[in-house]
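First up is the structure itself, then whatever we jot down about it.
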Amino acid sequence: QIWLKIAQQPILSAVGGGRWASMDFDEVANYGPSWANTVSDLILADEPVKALNAAKEAFVRCLRSGDARGKIFALHALAKVHLAKFEINDTNEVAEKALAELLKCPDDTLEGAVMHTIAKASKDLCRFEDALELAQEALRKFQSSSSKVGEAAVLNTIARIHLNRGKRQDSVKVAKQSLAMFRDCEERHGESEALHTMVRASLAMGRYEEALRLANEMVGIYEGGTDLDKHVATLLVVADVRAAMEEHDEAVEVATKAVELFDGVDKRQQANATRRLADACFAKGDDTDGWMYAKEALELYRGEGHSKGEAGMLCEIAKAHFSSGSFQEGVLIADEGAKLCREAGFRQLLADTQLAAARGRLDVEATGAAQEQQLNWKARQAGKEALAIYQDIGDLRGQMRAHNTLALAFMSYGNVLEGRAKAKRAVELSQMLGDKTAEGTNLLLVAQSRFHDNKDEANRLATIAYRLIREGGDQKTMKEAEEVVDAIREDPKDKKTEKERKAGGASLAETQASKMDMTLDFDMMKTRAVYFWGFTSRSTR
């Protein structure tokens, strides 16, 4: 029998997902009609609904007027909006239509931009070989049209593909080429984008001082200029680097400066910066200020009528409530956020909210102190809805997280076979993502499902899982996984004396001899999961 606790992390990531929409570079912004710039600006302002409507209106106008080139720009604009919303399948469908139209009206620069968008979509689907091939083709198109800015933008995407594949040195090498080309073109925003890629690669390699130096270079590009939005965005990158270095006081100081720059100037951007300040406070362990800034950001979003920002903050605040144990409050806020997402069509955000609610219910179920009935059933329903959305929009990492949550729910319910099947699917998706840490943690869940019916198989899977986690390089997850592996290897019913236990050899991690419930606490995107198992139900600590 498997008992578990799901612990929610406080606010740690950007509203609406992992894409850096506010930092994205548009290589054909100055190449097309003026309305195309308007759509790009709306995307950067995180206004997907308005951007989608503007692109649709432009498409209809071009269709009626017979403007073949304008129609292609409109299709490309629609594809970029879907990509910003992480609707990958829709992105590819619309972009393919644009390519078909380009056969009638050839334009190498525009074709390169469309293929670049498809390459980004393939990257987000973790189809890295396809993404690299498409990016190389886009690069050739830009070279044939002598678009240096386009070449530089594609090189930066190739650098990010290498980074996602774990080829960090290759990523830095290509990003440097992109940076040099952007500087030759005097394209400051592109230069900032290339530096940002190098920051991410440096962080991935643990080169924190180098990452900080590069982040400060980003700040220097906009400091003292008129582009306040991008200046603040670079300051928040510095705050992220400081947080990664565990210099939380400095991270809070930089984020506070970002908030102050927008005070009385732009309430919407002030809300974004305040949300990131809340992140920094939570990471520091200052929950009091974290809650204060999170609620302040929510009110700013509401005051500006920014429904996506409001929905995202409701989702994150609900998760923070689940993490702190305020289950009823968390459910009410999550339901409010889910309703807003449904009304506005924020599908990925709806899936994130439903998955958070599912994990919150499992958390309460594990404590044995639940007041609400049918917690597990409601958790499974929410998890299934989230999974269906992730599958429809093509979000592989979301699918992996949903399968992981459903595996935990089914095992807690007692349906170990179904839970094991979900965990195995989560392992497969982790392999597709190339995430060895996630693959190992999911495989460890499969091992736990075999703990009582096939101890030898559980031991074998646990050993493989631990090796994968070690190869992933996450020291914190590795240390916590050791306890789970040791627990699987040592039957808790075994009544060996302390002397006999020591004679059996050292374990992966020294644990208390009386400890019956072992845990694995791993960070998977926005959520951490802790597994408990034993022979009697007990309140988790």
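Key figures
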read-out: Every residue from the stretch 300-323 that is at pLDDT below 90, within 21 Å of G264 (Cβ to Cβ) and either open to solvent by less than 50 Å² (accessible area, probe 1.4 Å) or in contact with a strand residue (DSSP E or B) (Cβ under 9 Å, 6 or more places away or on another chain) (or both); value: H306, G309
read-out: Candidates A426, A421, A438, A388 - the one that is modelled with pLDDT of 90 or more, open to solvent by less than 10 Å² (accessible area, probe 1.4 Å) and among the small types (G, A, S); value: A426
read-out: Complete set of residues in the stretch 450-465 that are open to solvent by less than 60 Å² (accessible area, probe 1.4 Å) and out of contact with any Gly (no Cβ under 7 Å at 6 or more places or on another chain); value: R450, F451, N454, K455, E457, A458, N459, L461, A462, T463, I464
read-out: Qualifying residue in the stretch 1-21 (condition: closer than 20 Å to E191 by Cβ, among the polar types (S, T, N, Q) and at pLDDT below 80); value: no
read-out: Contacts under 9 angstrom Cβ, first residue in the stretch 223-244 being within 14 Å of R188 (Cα to Cα) and free of Cβ contacts under 8 Å to residues at least 24 places away in the same chain, partner open to solvent by 60 Å² or more (accessible area, probe 1.4 Å) and in a loop (DSSP other than H, G, I, E, B), 6 or more apart; value: none
read-out: Flag for A297 being farther than 25 Å from F262 by Cβ, modelled with pLDDT of 90 or more and open to solvent by less than 10 Å² (accessible area, probe 1.4 Å); value: no
read-out: Which listed residue is among the β-branched types (V, I, T), under 29 Å from G325 (Cα atoms) and over 21 Å from the mean Cα position of the chain (by Cα), from T274, T256; value: T256
read-out: Candidate set: the stretch 277-290, residues that are over 22 Å from the mean Cα position of the chain (by Cα) and modelled with pLDDT under 90; chosen: the one surrounded by the most Cβ atoms within 10 Å (Cβ to Cβ); value: D286
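Yes/no matrix, rows are residues, columns are (1) crowded, with 20+ Cβ neighbours inside 10 Å; (2) touching a Gly at 6+ places or on another chain (Cβ under 9 Å):
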| site | (1), (2) |
| --- | --- |
| D41 | no, no |
| S65 | no, no |
| A68 | no, no |
| H76 | yes, yes |
| K85 | yes, yes |
| E93 | no, no |
| A98 | yes, no |
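The values are calculated or read from the model by the stated rules, or taken from the named source; none is laboratory data. Computed from a prediction, not measured in an experiment: that's the story for all the values here. Every residue, glycine as well, gets a Cβ built from its backbone with ideal geometry; the counts of neighbours run over all protein chains shown. For the accessible areas, the whole protein counts, side chains as well, though only heavy atoms, and no ligand, DNA or RNA atoms are used. Shrake-Rupley method; radii C 1.70, N 1.55, O 1.52, S 1.80 Å.
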